[in-house]
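Below is one structure, written out as structure tokens, with a few remarks after it.
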Amino acid sequence: MFLDLFYGLRDEGVPVAIQEWRMLVTVLEKGLHDSSLFSFYNLAKATLIKSETYYDAFDRVFAKVFHGVEGELSASDELMDWLSNPKNFEGLTEEQRKMIEELDADELMRKYLETLDEQDERHDGGGRWVGTGGHSPFGHGGQHPTGIRVGGESKNRSAMKVAEDRRFKDYRTDSTLDIRNVRVALKRLRSLTREGQADDLDLDETVDETCRNAGEIELVYRAERRNNVRLLLLMDVGGTMDPYYEPVSRLLTALHEERGLRDFKAYYFHNCPYERLGTTADLYLKDAIPTGDVLRRLDDRWKVMIVGDAAMHPAELMNPRGNINPRFESDTRGIDWLMRIRDHFKRAVWLNPDPPSDWEYTRTTKVIKDIFPMYGLSLDGIQDAVTALIGAKASTSPGVTRH
Amino acid sequence: MADEKDFYRFQGTDGYIVSRPLVEAVNCALALERPLLIKGEPGTGKTLLARHVAEGLGMPMESWHIKSTSKAMEGLYVYDTLQRLNDARFGEGDVGDIRSYIKYGPLGRVFSASNRHVLLIDEIDKADLEFPNDILREIDEMRFTVMETSEEVAAKERPFVIITSNNEKELPDAFLRRCVFHFIDFPEPELMRQIIDVHHPNLDTKLLDQVLIKFYWLRGQSELRKKPSTSELIDWISALLRSGVSQEQMQNHIPFLGSLLKNEQDTTALHDFEQGEGQMPDSWSDLGPKYNQ
């Protein structure tokens, strides 16, 4: 049962290793779980899980592994009684205490489970291990001496209920996009350099120079470190992007609040960028600026993040006069603009709010995926995209040959 | 207050209400002698926890507030070379003794103390990405060497280390592996009542109900750019009490909105909602099934 929890977690991609297991086994040996499965749940969570993004996976696995343990009376009483008696854990060490010193964690776990099995067999005879009628020797009365207050514990709160509630599913990184998480992901979008006014006292250099100067104090200043990232955001608005307005506006909010960027510009397009980009999300013609101007004004140090579903009629991407709005149509194809953007800037990524599994089924998405490295608009996707923008240069995207 | 099982137990204090999972995480870390890593939304009392753990266990506390410029070295000790140089130039102090120019940081002070301390390392994620790795060994082994004097400082009593993080940066795996972790979830109404009771005892129950209904309703609005936190709720209640707002005035209006919402767009949105025909909830049943089990 316990190993199911361990491997269940690993199957879910939760990084649990022997070290964490040892921690859990040690606290159980010390009897910290007292009398309840809920305590066991809390302790297991505190020792095994190291990020709230895995809380949901933990809840799911725990609910699966211990399903029915509390619901069916006999099973629950047995397990809880067993858990409640520290003697069970001392019993493990009575004859094995010497061995334990030499045992590695794996072995320790195995012995521990063996003991558990033995206990089970003995119980088949029909007797109870400890206590009577399911009463634990370590009642809650002993847990809360007078004058000490522990809150947040309603009587019927059970580990299974907590686990099955799955209250932490919002923290999963692969599904939801909340501003806090996006901001964390975007925090990586920086490369610190020293530029500008030298007004930070460089202590090491000062000491060094002073010593060279025979003790006459010589102050050395250097420039402050600052973020050197310039980000250009191109965003698809309207039409098929409407359902994504909410997640995308969250991304935008996070970007705006990310004042750490050296420079930030956002332009908008519908379906595919052509010779004009909107400066506002409503794409008014009077506010539009020529795409060529943007390319001229922003040099290749700018990093480009394009957000769009890349789903459109193939003609909009591949044909001249492809713009869906007839007032703007021109001879240059959408795909050529995309390649111009890619070729102009050193780093560009495409964030797609559609689930990655759908990308293969949309023709235009497949084509655009070959031009820009494409990532899902999930927290994981944004992290990967930021890495692609800022990290060591990945192998260049296959790229389509110019037509 | 060590009990017969030979480890410390924390049970909460009169001024700080804790949930059971948090109590168990604290005790777990105490029993394992591992650092406790606390994460959670701003305003959920991460920093306060350390102070109250120290109070509850009767240990003195030392805090190390991390800034973006903090270096791991500063936590151990600082060798004040400039002071020494200055003294040498003007013939002051005992320049020959390097020891008098070694100033211990929070870690150094806690290690060299004769009694067990609670050490708070606050907002560790503010520092450089490599920072947690740099203090890994010192926190693990509870010892370090002062290079200038080759003296070793080893902890006589392993301090209980509480680390808080606001999630601004990822922490390295090797660091996480050594910690007991707890994420402070936002308190549910039941726990929130107890928390409020600590700060504002004798609050009228009906008024409190209205306050909590409005508060949880507000937090439930997904469009909100910054959700109000527990500490803001407490401040808000102080403002309400001082102005003597009655329960009736709270029915369809949120007074002193400024203490709850800190973002202009949020404030404007709510103002528009009030001016329009928007109906605020005034009973728990208006809030949906989540609060009505």
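Where a number appears in this text, it was derived from the coordinates with a stated rule and is not lab data. Remember, predicted model here, so these are calculated numbers, not experimental data. Here the Cβ positions follow ideal geometry from the backbone for every residue, glycine too, while neighbour counts run over all protein chains shown.
Tell me, what does the Kirkwood hydrodynamic radius of the range B:43-86 come to in angstroms if you use every pair of distinct C-alpha atoms? Mind showing how you got there, number by number?
Working: mean 1/r = 0.0752 Å⁻¹.
By the Kirkwood definition, the hydrodynamic radius is 13.3 Å.
Nearest 0.05, what FRET efficiency do residue B:257 and residue B:154 give at R0 = 41 Å with Cβ-Cβ as r?
Taking R0 as 41 Å, the efficiency between residue B:257 and residue B:154 is 0.15.
Can you tell me the Rg and the Dmax, both Å, for the Cα atoms in chain B?
Expressed in Å, the Cα Rg and Dmax of chain B come to 23.9, 79.
Strictly over 29 Å apart at the Cα level, which of A:45/B:71; B:46/B:156; B:39/B:214 would you flag in this model?
From the list (A:45/B:71; B:46/B:156; B:39/B:214), the Cα-Cα distance tops 29 Å for A:45/B:71.
Highest mean first, what order results for A:297-308, B:234-245 on Cβ atoms within 10 Å?
Packing order, densest peptide first, comes out as A:297-308, B:234-245.
For the range A:370-385, take each phi angle, set θ = phi - 60°, evaluate the Karplus expression 6.51 cos²θ - 1.76 cosθ + 1.60, and give the result in whole Hz per residue in order, putting x for glycine and proline.
For the range A:370-385, the Karplus-derived couplings read 7, 8, 10, x, 10, 10, x, 8, 10, 4, 4, x, 5, 4, 5, 5 Hz, x marking Gly and Pro.
Check each of the GluC sites (Glu not before Pro) in the range B:91-195 and keep only those in coil by DSSP with at most 13 other C-beta atoms within 10 angstrom; list them in order.
On the way: sites: B:92, B:123, B:130, B:138, B:141, B:148, B:151, B:152, B:157, B:168, B:170, B:190; in loops: B:92, B:123, B:130, B:148, B:157, B:168, B:170.
Counting only loop positions with at most 13 other Cβ atoms within 10 Å, the GluC sites (Glu not before Pro) in the range B:91-195 are B:92, B:130, B:148.
For the range B:224-293, take N as its residue count and report Rg(C-alpha) divided by 2.2 N^0.38 Å.
After normalising by residue count via 2.2 N^0.38 Å, the value is 1.17.
Using a simple spin-label model with points 7 Å from Cα along the Cα→Cβ vector, what separation in nm is obtained for residue A:287 and residue A:209?
In this crude spin-label approximation the distance works out to 4.9 nm.
Post the alpha-carbon centroid distance, the range A:1-55 to the range B:108-180, in whole angstrom.
Spelled out, the Cα-based centre of one part sits 24 Å from the other.
Could you tell me the extents of the range B:174-293's C-alpha atoms along the three principal axes, largest first, rounded to whole Å?
Principal extents (Cα only, largest first): 54, 34, 31 Å.
Quick one: grab the alpha carbon gyration tensor of the range B:25-108, order the square roots of its eigenvalues as a ≥ b ≥ c, and give me rounded if a/c is under 1.5, else prolate or oblate depending on whether a/b is larger than b/c.
Prolate is the answer for the range B:25-108, as a/c is 1.5 or above and a/b outweighs b/c.
Can you list the residues, at least 5 places off or on another chain, whose amide H is less than 5 Å from the amide H of residue B:34, using H built in the peptide plane?
Under 5 Å from the amide H of residue B:34: no residue qualifies.
Mind checking B:27-35 for the average number of partner chain beta-carbons within 10 Å of each residue's beta-carbon?
Mean inter-chain Cβ contacts per residue within 10 Å come to 6.
Using only alpha carbon pairs under 8 Å that are at least six residues apart, calculate the relative contact order of chain B and give it in whole percent.
21 percent
Non-local amide H neighbours of residue A:307 (under 5 Å, H modeled in plane, Pro and chain starts lacking H): which ones?
Amide H to amide H, under 5 Å and 5 or more residues apart or across chains, residue A:307 pairs with A:234, A:235, A:236, A:351.
Amide H neighbours of residue B:184 under 5 Å, at least 5 residues apart or on other chains, H built in the peptide plane: list them.
Residues meeting the criterion, in which the H sits 1.01 Å from N, are B:39, B:40.
Relative to the Cα centre, what is the charge dipole magnitude of the range B:189-281, using +1 at the beta carbon of each Lys and Arg, -1 at the beta carbon of each Asp and Glu, and rounding to the nearest 20 debye?
Working: 9 positive and 13 negative charges, 51 e Å.
In total the dipole reaches around 240 debye.
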